[in-house]
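The values are calculated or read from the model by the stated rules, or taken from the named source; none is laboratory data. As the structure is a computational prediction, the values presented were derived from the model and not from experiment. Please note: Cβ atoms are built from the backbone with ideal geometry, for glycine as well, and neighbour counts cover all protein chains shown. Quick note on the areas: whole protein, heavy atoms, side chains included, nothing else; ligands and nucleic acids left out. Shrake-Rupley method; radii C 1.70, N 1.55, O 1.52, S 1.80 Å.
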Amino acid sequence: MNSVEIKERDQNHILGTYARNDLCIVKGKGATCYSPEGKKYIDFSSGIGVNSLGFSDDGWVKAITEQVQKIQHISNLFYTEPCGELAEVLVKRTGYPKVFFANSGAEANEGAIKTARKYSFLKYGKGRHEIITLVNSFHGRTLATITATGQDHYHQYFDPFVEGFLYANANDIEDMKSKISEKTCAVMIELVQGEGGVNTLDQEYVRELSQLCKEKDILLIVDEVQTGIGRTGKLFAFEHFGIQPDVVTMAKGLGSGLPIGGILFHSSCADVLKPGDHGTTFGGNPVVCAGGLEILSRLDENFLQAVTEKGEFMKAEILKMEGVSEVTGLGMMIGIMPSGKDAKAVVNRCLDLGLMALTAKDKIRLLPPLTITIEEIKEGLEKLKQALIG
Ligand SMILES: *Cc1c(COP(=O)(O)O)cnc(C)c1O
């Protein structure tokens, strides 16, 4: 099938909830992929921060293939090896004692929200259930997580939303203090807001907030669905801020293309959820976890250092380009404010030129595969430069 046929069949049968690009991709390797007609693209998007090892990485393909030939699924009523091993690696590398595996970022956040509410219920009884999130945040698409998302346009049509969410302005500790009350059980934040525009929170704000939460026995949930698993040059972004959140959620990069979500629990709340309180049919799937193990085995100090260096190189090169007013983000999570141009129009021109990029609010957003080569980076940046001028 050619691109047009593939697209038409999709449009005939798939619910139209996505503003898709007019493009189909059939194969790829590393950060390079191809349309059915053989047009080549450099990938600065990694399937929205998912393909951390790029397309069809050899080690990852081997890991999941070997596992799928042994056993593909058995449910959480039994034990499998990869799931426990992946949890063990996460525990060893973070010092957090417990992990729960889900299938997506939204699900991981649901688990975090439930944990906070039960934690508070057990200690303080009913009524201390409010969760404060940040304006411009994004936490997912389920009813609870769109309610948690601090963007008004998500809060339409689906009333009634989940009770007990409040929104504070990012980097404004006084606004946060004014929202905290005897009803607050948790604060939930992204350290670099992804969908909200690649906004990195201030170091001092984050530390002060963490301290405030500790003093008031409010759980601090850090949503690392986009920032986690090496994206910012550390295994988790919270390491940049010198804090220890109570709950850390992850997803996107952890599976390198297969669906997985995860929750890390600090000892402060590792014993809150008990049998029957939470569960999932697919979570902790052995094939997906085998892929996750491959990723974590690759993310050593040298790899993370390379992520930092490649991110810095990209930012420095982008800052030299015409038509750029600001570059934001951490590691290989990069936001670009185009001067006097519409970000979506620039991203569309990038596609025409053979470069995949994303938008986040009024910025261009880049989330290249962490394994992208310097040659691929240079090739992609050349296209970006042209797209920004055009
Ligand atoms: C993508 C994202 C989510 C939602 O993840 P899904 O896997 O789409 O449910 C939640 N939080 C953040 C920060 C994200 O970037």
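Shape of segment 47-150 from the C-alpha gyration tensor: prolate (a/c of 1.5 or more and a/b above b/c, with a ≥ b ≥ c the square roots of its eigenvalues).
For the listed peptides 24-36, 105-117, a ranking on the average number of other beta carbons within 10 Å per residue, highest first, reads 105-117, 24-36.
Dividing the Cα radius of gyration of segment 159-233 by its Kirkwood radius returns 0.97 for Rg/Rh. The mean accessible area for residues of segment 262-347, using a 1.4 Å probe and ignoring ligands and nucleic acids, is 43 Å² per residue. One chain, two ends: residue 34 and residue 322. Fully extended at 0.36 nm per residue, the span grows by 100.8 nm beyond their Cα-Cα distance.
How much of the accessible area of segment 159-209, probe 1.4 Å, is carbon plus sulfur, in whole percent?
Values: 970 of 2200 Å².
Within segment 159-209, the accessible surface is 44 percent carbon and sulfur.
A Cβ-based charge dipole, computed about the Cα centre of the chain with Lys and Arg at +1 and Asp and Glu at -1, lands at about 360 debye. Points 7 angstrom from Cα along the Cβ direction at residue 4 and residue 179: gap in nanometres? Label at residue 4, label at residue 179, 5.0 nm between them. Rounded to the nearest 10 degrees, what's the angle between the helix 301-319 long axis and the longest principal axis of the chain, both from Cα atoms, 0 to 90? With rounding to tens, the tilt is 60 degrees. Between the C-alpha center of segment 288-324 and that of segment 20-89 there is a gap of 17 Å. Per-atom-type breakdown for segment 47-98 gives carbon and sulfur 58% of the accessible area (1.4 Å probe, protein chains only).
Per residue of the chain, what 222 nm ellipticity follows from adding -39500 (n - 2.57) for every DSSP H run with n ≥ 4, rounded to the nearest 500? Before the final figure, lay out the partial values.
Working: 13 runs with 151 residues, N = 390.
Theoretical 222 nm ellipticity from helices: -12000 deg cm²/dmol.
Summing Cβ point charges (Lys, Arg +1; Asp, Glu -1) relative to the Cα centre of segment 44-167 gives a dipole of roughly 540 debye.
Placing unit charges on each Cβ (+1 for Lys and Arg, -1 for Asp and Glu) gives segment 198-251 a dipole about its Cα centre, and among 209, 228, 247 the Cα reaching farthest toward its positive end belongs to 228. Peptides 383-389, 217-223, 119-125, 74-80 ordered by packing proxy, namely the average of other Cβ atoms within 10 Å per residue, highest first: 217-223, 383-389, 119-125, 74-80. Farthest towards the positive end of the charge dipole of the chain, among the residues 176, 336, 313, is the Cα of 176, using unit charges on the Cβ of Lys, Arg, Asp and Glu. Along the axis of the charge dipole computed for the chain (Cβ charges of +1 for Lys and Arg, -1 for Asp and Glu, origin at the Cα centre), the listed residues 96, 71, 149 are led at the positive end by 71.
From largest to smallest, what semi-axes in whole angstrom does the chain give when each is the square root of 5 times an eigenvalue of its alpha carbon gyration tensor?
Details: eigenvalues 218, 132, 84 Å².
Here the semi-axes work out to 33, 26, 20 Å.
In the chain, Cα pairs under 8 Å separated by at least six residues give a relative contact order of 23 percent.
Given a 1.4 Å probe, how much area per residue of segment 85-179 is accessible, in Å²?
Values: 4580 Å² over 95 residues.
Counting only protein heavy atoms, the per-residue value for segment 85-179 is 48 Å².
When the chain is treated as a GNM with alpha-carbon contacts under 10 Å, the residue of 270, 251, 19 showing the greatest mean-square fluctuation is 19. Using C-alpha pairs under 8 Å with a sequence gap of at least 6, the mean separation divided by the residue count of segment 350-390 gives a relative contact order of 42 percent.
Legend: calculated FRET efficiency, residue 208 to residue 88, from the Cβ-Cβ distance at R0 = 41 Å, rounded to 0.05, equals 0.75.
Between 0 and 90 degrees, the angle of helix 81-94 with respect to the longest Cα principal axis of the chain falls at about 80 degrees. Charging the Cβ of each Asp and Glu at -1 and of each Lys and Arg at +1, and nothing else, the dipole of segment 329-370 about its Cα centre rounds to 80 debye. Using C-alpha pairs under 8 Å with a sequence gap of at least 6, the mean separation divided by the residue count of segment 133-289 gives a relative contact order of 15 percent.
If you roll a 1.4 Å probe over segment 279-390 with all protein chains in place, what percent of the accessible area is carbon or sulfur?
On the way: 2350 of 4530 Å².
After summing per-atom areas, the C and S share lands at 52 percent.
For segment 5-89, the C-alpha radius of gyration sits at 1.45 times the compact-globule guess of 2.2 N^0.38 Å, with N the residue count.
Just check segment 91-239 against the gyration tensor rule for me: Cα atoms, a ≥ b ≥ c as the square roots of the eigenvalues, rounded for a/c under 1.5, and otherwise prolate or oblate depending on whether a/b exceeds b/c. Taking the square roots of the gyration eigenvalues as a ≥ b ≥ c, segment 91-239 is rounded.
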